[in-house]
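Structure first, commentary second.
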Amino acid sequence: MIDINLKEGMSHSIQKKVKYDDSVTFGRTGMETLFSTTELTTMMIEAAVQLVGKNIPEGFVSVVKKIEVFHEKPTLQGVTVTIEAKIDEIKGNTLYISTHCFDELGEIAQGMQERHIVNKKALINRAHERAEVLEGKKR
């Protein structure tokens, strides 16, 4: 069992003003002034990572296994967005984190993340072991 300093109900918020780089992309003209779901999701993950942050032992990280995002309302550039991540449940090394997202006019999105606390070196080693198959194909 990993020794973590996290408790159900703990929360953390982050905030940023939406700028052009956060806008809808993928060549959809006329939508450049809207806050993108991609950037919203990135902020949700960032809030959860900061929440878990230094409350787990050195050498461990939290990784997303499953994420759900419900982006319900549009937000324009220049508006401030706030994301609150909250630990709803802890089961062993698994964290269930809800996120609530607001702009200056009200709630714009919500989401859930299932995050696992894992050994960082073991995770990187597993990725390299998987990649060895590709290296064998290149020869």
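Go through region 61-97 and give me each residue that's part of a loop (DSSP other than H, G, I, E, B) and surrounded by 16 or more Cβ atoms within 10 Å (Cβ to Cβ). Walk me through how you get there before you give the answer.
Applying the first criterion (part of a loop (DSSP other than H, G, I, E, B)) to region 61-97 yields 72-75, 77-79, 92-93.
Matches in region 61-97: 75, 93.
Whether any residue in region 40-58 is closer than 25 Å to residue 123 by Cα, charged (D, E, K, R), part of a helix (DSSP H, G or I) and modelled with pLDDT of 90 or more is what I want to check. Break it down into steps so the answer makes sense when it comes.
Quick first cut of region 40-58, residues closer than 25 Å to residue 123 by Cα only: 41-58.
From the residues that got through so far, the ones that are charged (D, E, K, R) too are 46, 54, 58.
If we keep only those that are part of a helix (DSSP H, G or I) too, we end up with 46, 54.
Now narrow it down to the ones that are modelled with pLDDT of 90 or more: 46.
Looking through region 40-58, at least one residue is closer than 25 Å to residue 123 by Cα, charged (D, E, K, R), part of a helix (DSSP H, G or I) and modelled with pLDDT of 90 or more.
Going by the conditions given, is residue 83 touching a helix residue (DSSP H, G or I) at 6+ places or on another chain (Cβ under 7 Å), more than 16 Å from residue 115 (Cα to Cα) and in contact (Cβ under 8 Å) with a residue 24 or more places away in the chain? Quick ask: steps written out before the conclusion?
Values: touching a helix residue (DSSP H, G or I) at 6+ places or on another chain (Cβ under 7 Å): yes; more than 16 Å from residue 115 (Cα to Cα): yes; in contact (Cβ under 8 Å) with a residue 24 or more places away in the chain: yes.
Against the criterion (touching a helix residue (DSSP H, G or I) at 6+ places or on another chain (Cβ under 7 Å), more than 16 Å from residue 115 (Cα to Cα) and in contact (Cβ under 8 Å) with a residue 24 or more places away in the chain), residue 83 qualifies.
Looking for something crowded, with 17+ Cβ neighbours inside 10 Å and of a type in the set (S, T, N, Q) - is there at least one such residue anywhere in region 42-49? Quick ask: steps written out before the conclusion?
Taking region 42-49 and keeping what is crowded, with 17+ Cβ neighbours inside 10 Å, we get 43-45, 47-49.
Now narrow it down to the ones that are of a type in the set (S, T, N, Q): none.
No: region 42-49 contains no residue that is crowded, with 17+ Cβ neighbours inside 10 Å and of a type in the set (S, T, N, Q).
Could you check, for region 107-124, whether at least one of its residues is free of Cβ contacts under 8 Å to residues at least 12 places away in the same chain and not charged (D, E, K, R)? It would help to see each step written out before you state the result.
Let us first name the residues in region 107-124 that are free of Cβ contacts under 8 Å to residues at least 12 places away in the same chain, namely 122, 124.
Then keep just the ones that are not charged (D, E, K, R); that gives 122, 124.
The answer is yes; a qualifying residue exists.
The values are calculated or read from the model by the stated rules, or taken from the named source; none is laboratory data. Keep in mind it's a predicted model, so treat the numbers as computed, not measured. Cβ atoms come from the backbone with ideal geometry, glycine included; neighbour counts cover every protein chain shown.
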